[in-house]
Every structure is written in structure tokens, then in C-alpha cells.
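Q: Dumping the structure here so I can ask a few things about it.
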Amino acid sequence: MTGPVEERPGKGAPTEDAPTEGAPTEDAQAEGGGQRRSGLRNPDKAVRGLGAGTLALEALVLLLAIQPIRVVGGDLSGAAIAAIVALAVACVALAGQMKRAWAWHAGTVLQGLLLLSGLLHWSLFALGVMFALVWAYALHVRRVILG
């Protein structure tokens with residue numbers, strides 16, 4: 001039961017009006033001459049959300065880590081607790097400033113400060129290493145998405 005094959009409209013050769021496959025659309029051309037790299041509607045906002053979320057999570061972990069460090073790790077001095085609270089407050093403040101270009105640099109400095117707070121207690125150094133790696137990944141994602 002095979003019959004003659006009909007050529008359907010749109011399945012034949014492309015016409016002058018139809019865009020060819022792989023060609024940038026008019027929207028993409030209007031944005032900057034090429035296709036969007038990430039496919040996100042607003043890549044800047046997505047990257048800012050990643051940075052802010054990372055810093056907010058870091059602040060939460062720092063504050064929630066005080067008691068377990070005191071119980072398990074022993075001798076957590078008042079200076080170490082003050083450093084943890086100050087770093088958590090700085091994380092929250094920076095999370096709200098991620099729309100500013102300098103906030104990414106300040107976040108990197110903040111990771112270094114957390115690593116340095118390891119001089120007050122070894123577990124702060126361990127947290128610093130973990131969050132420095134997370135921050136490095138966030139910077140990598142930012143570079144890949146924004147170019």
C-alpha cells in the first residue's frame with residue numbers, strides 16, 4: 001500500500017524567507033551579532049544568583065558550625081567565634097551586593113580571610129578549603145556563562 005510520495009510544504013528546499021539551520025535568528029543577531037552562549041534568558045542575573053546563593057549558604061554553614069565545633073573540636077576561643085560571626089555577616093552583606101562588579105573580588109578576599117581564620121581553629125581552615133573550592137567553581141561558571 002505504498003503510493004506516490006508527495007512533497008510537503010516546508011520539507012523541501014529552503015526558501016528565501018525560511019531561515020537555514022544553524023543560522024542565528026533575528027533576536028540573536030539584534031543582541032550582539034551571534035547566538036547566546038548559555039541559552040539563559042538573563043545570564044547576568046543567573047550568575048549573580050549563583051554568587052549570592054553561594055555566599056548565603058556559606059553564612060548559614062558558618063553560623064550553624066559554631067556549636068558542633070565547640071562540642072566536637074574542643075577549645076573554640078571567643079576570637080574564633082567573633083571571626084565566624086564577622087565572616088557570616090560579611091557573606092550576607094556581599095550576597096546582597098552581587099550586582100556590583102567588585103563584589104566578586106570581595107568574595108574571593110572573603111574566602112582568603114576564612115582560610116586565614118584557620119589560624120584560630122583548625123576546623124575553620126577545613127571550612128575555608130571547602131568554600132574556597134565552591135567559590136572557585138562559581139567563578140568558573142561565571143567565566144563560562146559570561147565569557
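Q: Could you say which residue among ALA138, ALA90, ALA106 is within 30 Å of ASN42 (Cβ to Cβ), within 14 Å of the chain's Cα centre (by Cα) and aliphatic (A, V, I, L, M)? Reasoning before the result, please.
A: Numbers: ALA90 fails: within 14 Å of the chain's Cα centre (by Cα); ALA106 fails: within 14 Å of the chain's Cα centre (by Cα).
The unique qualifying residue is ALA138.
Q: If you don't mind, another one. Restricting to segment 108-126, name every residue that is open to solvent by less than 70 Å² (accessible area, probe 1.4 Å) and at pLDDT 95 or above. Even if it seems obvious, please write down each step before you answer.
A: Of segment 108-126, the ones open to solvent by less than 70 Å² (accessible area, probe 1.4 Å) are 108, 110-112, 114-115, 117-118, 121, 123-124, 126.
THR108, LEU110, GLN111, GLY112, LEU114, LEU115 - these are the residues of segment 108-126 that are open to solvent by less than 70 Å² (accessible area, probe 1.4 Å) and at pLDDT 95 or above.
Q: State whether one or more residues within segment 62-75 are in a helix (DSSP H, G or I), among the β-branched types (Val, Ile, Thr) and either within 28 Å of LEU40 (Cα to Cα) or at pLDDT 95 or above (or both). Full working, then the answer.
A: Start the filter on segment 62-75 by keeping residues that are in a helix (DSSP H, G or I), which leaves 62-64, 66-73.
Now restrict to residues that are among the β-branched types (Val, Ile, Thr): 66, 69, 71-72.
If we keep only those that are either within 28 Å of LEU40 (Cα to Cα) or at pLDDT 95 or above (or both) as well, we get none.
No.
Q: Identify all residues within segment 63-112 that are of a type outside the set (Gly, Ala, Ser), free of Cβ contacts under 8 Å to residues at least 12 places away in the same chain and within 19 Å of VAL134 (Cα to Cα); write none if there are none.
A: LEU64, GLN97, TRP102, HIS105, VAL109
The values are calculated or read from the model by the stated rules, or taken from the named source; none is laboratory data. What you see is a predicted model; the values in this text were computed from it and never measured. Cβ atoms come from the backbone with ideal geometry, glycine included; neighbour counts cover every protein chain shown. The area values use the complete protein model at the heavy-atom level, side chains included, leaving out ligands, DNA and RNA. Shrake-Rupley method; radii C 1.70, N 1.55, O 1.52, S 1.80 Å.
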